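The values are calculated or read from the model by the stated rules, or taken from the named source; none is laboratory data. What you see is a predicted model, and the numbers here were worked out from it, not measured in a lab. Note that each Cβ is placed from the backbone with ideal geometry, even for glycine, and that neighbours are counted across all protein chains shown.
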Amino acid sequence: MMLERIKKIIEEFTEKNILIAIAESCTGGYISHMITNISGSSEVFERGVVCYSNQAKIDLLNVNPKSIEKFGAVSDSVANQLATNIRKLSNVDIGIGITGIAGPTGGTPEKPVGLVYIGFSTKKETNVMKFTFKTDRIDFKKKVLEKILQFLEDFSL
């Protein structure tokens, strides 16, 4: 089912010449992996960057270190920068930035395990959505993919 949805998105985006790029932290490349499981994805998928560490976010995607210091790596601000900067650096139509806490460790009362921020950046605007998925790491990644597919299915230039 998931692969069918991805295939449809790739077909539609290929027709409309829409390019995407993804900056993944907590999903560790899973979103890029799932997209590239579909033949023809190279027409749409420009690049995926796994920026797991804070340093990678800073070095590869120009995330402002002060934002990480002030808000933490798992924040609206960092997701916004990941999405915006991957879009600009890749020269694509849609940039997606993902940062969260997959668990089972690493959570705090303010930022529980399962918290994720997903940024979607287009030339018009950047929006960040916040979710909490109380599940294991693998299902966490699947739920993040689900939200991204919903966004891409609803997207129109």
Subset of region 139-157, residues closer than 21 Å to Thr36 by Cβ and at pLDDT below 95, comes to Phe155
Exactly one condition in (1) free of Cβ contacts under 8 Å to residues at least 24 places away in the same chain; (2) farther than 22 Å from Leu149 by Cα is false for Ser32; which is it? (2)
Considering region 101-121, residues that are buried (at least 17 other Cβ atoms within 10 Å of the Cβ) and on the phi > 0 side of the Ramachandran plot, and then whichever is modelled with the highest pLDDT, we arrive at Gly114
Residue check, Glu24 charged (D, E, K, R), closer than 21 Å to Arg137 by Cα and in contact (Cβ under 8 Å) with a residue 40 or more places away in the chain: yes
Residue under evaluation Tyr52, criteria (1) surrounded by 21 or more Cβ atoms within 10 Å (Cβ to Cβ); (2) part of a loop (DSSP other than H, G, I, E, B); (3) within 14 Å of the chain's Cα centre (by Cα), criterion not met: (1)
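Looking at region 10-31 only, could you name the residues that are of a type in the set (S, T, N, Q) and surrounded by fewer than 21 Cβ atoms within 10 Å (Cβ to Cβ)?
Filtering region 10-31 down to residues of a type in the set (S, T, N, Q) leaves 14, 17, 25, 27.
If the condition is that a residue be of a type in the set (S, T, N, Q) and surrounded by fewer than 21 Cβ atoms within 10 Å (Cβ to Cβ), then Thr14, Asn17 are the ones that fit.
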Given (1) surrounded by fewer than 24 Cβ atoms within 10 Å (Cβ to Cβ); (2) assigned to a strand (DSSP E or B), where does Gly95 come up short, assuming only one miss? (1)
